1. In segment 105-134, what residues are hydrophobic (A, V, I, L, M, F, W, C) and not in a loop (DSSP other than H, G, I, E, B)?
2. Return the residue satisfying two criteria in turn: it lies in segment 204-256 and is among the aromatic types (Phe, Trp, Tyr) and over 19 Å from SER48 (Cα atoms), and of such residues it is surrounded by the most Cβ atoms within 10 Å (Cβ to Cβ).
3. Could you check how many residues of segment 270-293 are under 20 Å from THR84 (Cβ atoms) and exposed (fewer than 15 other Cβ atoms within 10 Å of the Cβ)?
4. Looking only at segment 128-137, decide whether some residue is more than 16 Å from the chain's Cα centre (by Cα), in contact (Cβ under 8 Å) with a residue 24 or more places away in the chain and buried (at least 22 other Cβ atoms within 10 Å of the Cβ).
5. With the structure loaded, tell me whether ASP179 is at pLDDT below 95 and either acidic (Asp, Glu) or out of contact with any strand residue (DSSP E or B) (no Cβ under 9 Å at 6 or more places or on another chain) (or both) or whether it fails that test.
Amino acid sequence: MPEQDQSKEEKNFYLDIKAKSKAFFLKGLNGYDWGMQNRLSNIFNPKSGRTVMLAIDHGYFQGPTTGLERVDVTILPLLQYADTLMLTRGILRSIIPPTFTKGLVLRASGGPSILKELSNEQLAMDVEDAIRLNAAAMAVQVFIGGEYETQSIHNLTRLIDMGNKYGIATLGVTAVGKDLVRDAKYMRLATRIIAELGAAYVKTYYVEKDFETVTAACPVPIVIAGGKKIPEKEALVMAYNAVQQGASGVDMGRNIFQADDPVSMIKSVRAVVHNNLKPAEAFEMYNDLKKKK
Ligand code: R5P
């Protein structure tokens, strides 16, 4: 039994201070429950409102992609600089130390390899395993305009339903097939469909022209994938333009782990995303860090 409270007269209820009700820091996500918002705060930095997600899930359809042949050797040194790690549960359980406590985004769809029709994916993980692994979010590809468009949409909506039940966010990933044009019109269509169907946030590709219309038309946060490896300077320009035009960060893989110096690259990407460092200065930073090593 707690001791009896003897000092009732001295209680202070701060009657002159109005209780605050603050909006959640991420666009469009006020309607979610505490658990979901808490997990999203482990993906996005509440100060900058942005994230540097390190994407290393490529092996789920590509096998040992260049730079990911030995995740234990090449990726573990990068973990301390990532806000979030996006990966498969296989790599998580086998290689990532459980002392990694930042956001985890688990790849939850799969099926075809690069040798087959990629849009023919199905859900490849149960939400219970995501909970067991303490995931903040689950990721699923959506192939708008692809051969198995409807199937991939159903994967998305089923995952959202499972995730919402337990407060795990769903990241909808726009997967652009070989024959589709990657322009703002397509990205607006794909990202908006994914958001309308209930994804907590959306991953897409950056497009040079009118990218700000893509982020404007999407009611929830957008992060950009890095795409194929390009020169480091160009990747920093892309990350800068994307966040200046409304993206809430990057989900970058190859342009970090295939860079000449991955540690210097992820540090420079962080400066662009979280501190709005201009691309020229960020590239200088990259070169300085690389030289010092
Ligand atoms: C596709 O393999 C995955 O969804 C990747 O996570 C995504 O494409 C981001 O990686 P990258 O920056 O290498 O494109």
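The values are calculated or read from the model by the stated rules, or taken from the named source; none is laboratory data. Just so we're clear, the structure is a prediction, and the values are computed from it rather than from any experiment. Ideal geometry is used to build each Cβ from the backbone, glycine not excepted, and the neighbour counts take in all protein chains shown.
1. Within segment 105-134, VAL105, LEU106, LEU123, VAL127, ALA130, ILE131 meet the criteria.
2. By that ranking, first place goes to PHE211.
3. Total satisfying the criteria: 2.
4. Within segment 128-137, none of the residues are more than 16 Å from the chain's Cα centre (by Cα), in contact (Cβ under 8 Å) with a residue 24 or more places away in the chain and buried (at least 22 other Cβ atoms within 10 Å of the Cβ).
5. So ASP179 fits the description; yes.
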